[in-house]
1. Can you tell me the orientation of helix 50-63 relative to the chain, as the angle in degrees between its alpha-carbon axis and the longest Cα principal axis, to the nearest 10?
2. At what distance in nm do the modelled label points of Ser86 and Ile125 sit from each other, each positioned 7 Å from its Cα along Cα→Cβ?
3. Listing Trp123, Trp3 from the residue with the fewest other Cβ atoms within 10 Å to the one with the most, what is the order?
4. Report, in whole Å, the centroid distance computed from the Cα atoms of segment 143-175 and segment 12-29.
5. Among the trypsin sites (Lys or Arg not before Pro) within segment 41-116, which fall in a DSSP loop and have no more than 14 other Cβ atoms within 10 Å of their own Cβ?
6. Can you give the FRET efficiency to the nearest 0.05 for Thr13 and Leu61, using r as the Cβ-Cβ distance and R₀ = 45 Å?
7. If R₀ is 25 angstrom, what is the calculated FRET efficiency for the pair Thr78 and Ile153, using the beta carbon separation as r and rounding to 0.05?
8. Set the Förster radius R0 to 22 Å, insert the Cβ-Cβ distance between Lys48 and Lys172 as r into 1/(1 + (r/R0)^6), and round the FRET efficiency to 0.05.
Amino acid sequence: MSWEFAVLDFIQTLRTPIGDFIWPAITVLGNGGIFWILLTIALLINKKTRKCGWILTAALLVDLILCNGVIKNAVARTRPYTINSSIQLLINQPKEFSFPSGHTAVSFTAVTALFLAKEKILWKIALVLAVLIAFSRLYLYVHFPTDILGGVIVGVVAGVVGYYLVEFIYKKKLG
């Protein structure tokens with residue numbers, strides 16, 4: 001864990017007034033997965049993108065169950081700011097456990113689902129946003145680096161499962 005604090009403490013040396021404004025704003029996009037939920041709704045409304053919307057819906061539900069329903073509670077990892085209380089947080093203290101990062105998991109769930117659904121441009125934009133959201137969690141000192149890595153892994157798994165679940169349903173329904 002000491003190397004993780006070394007990474008977090010190094011990132012704290014990069015703090016600036018502009019960063020202290022931008023990173024909390026970016027992290028808000030991952031709060032409750034709201035950005036990804038709104039994107040899902042937009043995809044479901046349009047007939048051309050409806051299947052992608054269903055893939056994203058399934059993937060987000062898998063992520064919710066895996067990340068927030070099972071893993072966070074099973075691991076029950078404390079957050080870095082509770083161990084190093086000298087850090088002044090720029091956001092309200094998150095109430096859930098630290099591992100894996102839910103913001104990162106939901107973001108990489110969306111990236112993976114969009115990639116597998118062959119959304120050529122949208123998945124790339126989502127990837128940039130997902131990386132920014134993941135970094136914001138480190139900048140804000142609310143996650144360890146391994147929480148972020150865990151979130152990426154959970155997100156990729158959820159995206160893959162969501163994709164194959166919808167593909168299976170479509171084949172049964174249409175086949």
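Read the figures in this text as sums done on the coordinates, not as results from a lab. Only a predicted model underlies this, so the values are computations on that prediction, with no experimental measurement involved. Virtual Cβ from ideal backbone geometry, glycine too; neighbours counted across all protein chains shown.
1. 40
2. Distance between the two pseudo-spin positions: 4.3 nm.
3. So the residues, fewest neighbours to most, are Trp3, Trp123.
4. Segment 143-175 and segment 12-29 have Cα centres separated by 29 Å.
5. Passing both the DSSP loop test and the Cβ count: Lys95.
6. 0.70
7. Taking R0 as 25 Å, the efficiency between Thr78 and Ile153 is 0.80.
8. 0.50
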